[in-house]
Amino acid sequence: MERDARRRARRGDAAQAGRRRPSHARQAGHAFRAPELPARRHAGPRAAAPGRAMVTRAEYAWHVLDTVADPEIPVVSIRELGILREVNERGDTLEVVITPTYSGCPAMGQIEDDVRAALAASDIRADIVTRLAPAWTTDWMTDAAKDKLRAYGIAPPHTRAPSDNVVQFMKPRARGESVACPQCGSTNTTETSHFGSTACKALYRCLDCREPFDHFKPY
């Protein structure tokens, strides 16, 4: 009788285990199907990791070139000054368009070299194109560039460029137009030379704090 009881106990254990198997099978099936959901949701040629936006080659190049400073005014970038005009995709390479502040600007060779070096450091192939028309204008400067110029000690341009976009280096200052000193903010200033450290700037002196400063001429 004792042996019969042990046999019945073993059969009962086996039956109980059999009844639990469907639960395990369902769990196993659920674990197998779960990875399919994100695969379907992110499938496609423009798939990206969650939380990260896709960028084109041109957009990435704009980001890289944000770090290229103007060689004459290193506190501002060529993008902030409006020198960097376009980045276009041309097949397997890019076309980067830059415009000089004036046609004889001696810094353009250095700017082109700096653009090429920045792109090469990021493994970006590009052709650099210098475009003279439309002519550069101080209207292309960003507000951030003007703030940085002022903090650097250069009075930024504050009048709109002429409609024909022709650089007039010898244009007289308009009556009533004042240039604020970047050091003390006074408008009691006077022009001492129409040409400052570069042809695109004029030399001024503040009559209150007596400090000389450059003024980026508007055109």
Next on the checklist: Taking the criterion of being hydrophobic (A, V, I, L, M, F, W, C) and under 23 Å from residue 191 (Cβ atoms), would at least one residue in region 129-137 satisfy it?
Outcome noted: yes
Checklist outcome for this item: How many residues of region 59-82 are crowded, with 20+ Cβ neighbours inside 10 Å and small (Gly, Ala, Ser)? The answer is 2
Checklist entry - (1) assigned to a strand (DSSP E or B); (2) at pLDDT below 95: which one isn't true of residue 94, the others all being true? => result (2)
Checklist entry - Counting only residues that are of a type outside the set (Val, Ile, Thr) and in a loop (DSSP other than H, G, I, E, B), which one in region 66-81 is farthest from residue 122 (Cα to Cα)? => result 72
Checklist entry - Which one is surrounded by the most Cβ atoms within 10 Å (Cβ to Cβ) among residues in region 181-202 that are among the hydroxyl-bearing types (Ser, Thr, Tyr) and farther than 15 Å from residue 217 by Cα? => result 186
Item to check | Subset of region 88-118 [touching a residue at least 24 places away in the same chain (Cβ under 8 Å) and more than 25 Å from residue 199 (Cα to Cα)] | outcome: 88, 89, 90, 92, 93, 94, 95, 96, 118
Checklist entry - Looking only at region 175-196, which residues are in contact (Cβ under 8 Å) with a residue 12 or more places away in the chain and among the β-branched types (Val, Ile, Thr)? => result 179, 189, 190, 192
Checklist entry - Filter region 148-166 for residues that are touching a Phe, Trp or Tyr at 6+ places or on another chain (Cβ under 6 Å) and within 20 Å of residue 104 (Cβ to Cβ); which is modelled with the highest pLDDT? => result 157
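The values are calculated or read from the model by the stated rules, or taken from the named source; none is laboratory data. Everything numeric here is computed off the predicted structure, so don't read it as measured data. We place every Cβ from the backbone using ideal geometry, glycine too, and count neighbours over all the protein chains shown.
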